Amino acid sequence: MYGITRIDNDRSHTHSWVVVISRKRKTYFGSFSDITYRGKNKALAAARCYRDAILAQCPPMTMREFCSILKRNNRSGISGVCRYVSNKNDNKKGEPQCYWIASWSPEPRKTKHKKFSVKKYGEEESFRLAVLARKRALKQLKGYFNPGMAHGKLVQA
């Protein structure tokens, strides 16, 4: 269940539902004990109400929004676009090949790349084509990002 986890620990006599939702570097937390709410089902109902109130105020990020976050180590200025220098000397002169690459994840645990040769298109044009490919790929993304699921599985709207 999105944002809700069950805790049953007989040693500490803890039996409750816990809600944890993170939005824009803020974490919302609530604990709903079976004893306080007089039963497991009533505690779950209270946890769902709390979670739904948070989600109404702070809806989850779409996959498109999540994939557009610029990471600290980004050097191109565009999320999902990077310059790559191949170590392989594929040409006759022995020079390394340079590319601008667009990357995206169309579904969990799958990554796609599209590369544009600097030699073929030039530095500026290969960068522009990579940015365009990335924008087109992001338009295809659907669903919401769920950090509670392994590797950000999609949660359909």
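Does the range 18-41 include one or more residues that are surrounded by 12 or more Cβ atoms within 10 Å (Cβ to Cβ) and on the phi > 0 side of the Ramachandran plot?
Checking the range 18-41: not a single residue is surrounded by 12 or more Cβ atoms within 10 Å (Cβ to Cβ) and on the phi > 0 side of the Ramachandran plot.
Report, by residue number, each residue of the range 131-152 that is modelled with pLDDT of 75 or more, loosely packed, with under 14 Cβ neighbours inside 10 Å and not in a helix (DSSP H, G or I).
Of everything in the range 131-152, just one residue is modelled with pLDDT of 75 or more, loosely packed, with under 14 Cβ neighbours inside 10 Å and not in a helix (DSSP H, G or I), namely LYS142.
Filter the range 120-141 down to the residues that are of a type outside the set (Lys, Arg) and either touching a Lys or Arg at 6+ places or on another chain (Cβ under 8 Å) or closer than 26 Å to THR62 by Cα (or both) and list them by number.
Step one: of the range 120-141, the residues of a type outside the set (Lys, Arg) are 121-127, 129-133, 137-138, 140-141.
Selection gives SER126, PHE127, LEU129, ALA130, VAL131, LEU132, ALA133, ALA137, LEU138, GLN140, LEU141.
Could you grab me the full set of residues in the range 18-37 that are closer than 12 Å to ARG6 by Cβ and out of contact with any helix residue (DSSP H, G or I) (no Cβ under 8 Å at 6 or more places or on another chain)?
Across the range 18-37, the qualifying residue is only SER31.
Just to confirm my filter: which strands (runs of 3 or more DSSP E) fall fully inside the range 14-116 and include at least 1 residues that are in contact with an Asp or Glu (Cβ under 6 Å, 6 or more places away or on another chain)? Please lay out each step first, then the result.
Working: elements: 14-23, 26-33, 81-85, 98-107.
So the answer is 14-23.
Go through (1) closer than 23 Å to GLY3 by Cβ; (2) modelled with pLDDT of 85 or more one by one and return the number of the condition VAL155 breaks.
(2)
The values are calculated or read from the model by the stated rules, or taken from the named source; none is laboratory data. Everything numeric in this text was worked out from a predicted model, so none of it was measured. When we count neighbours, we look across all protein chains shown, and the Cβ atoms used for this are built from the backbone with ideal geometry, even at glycine.
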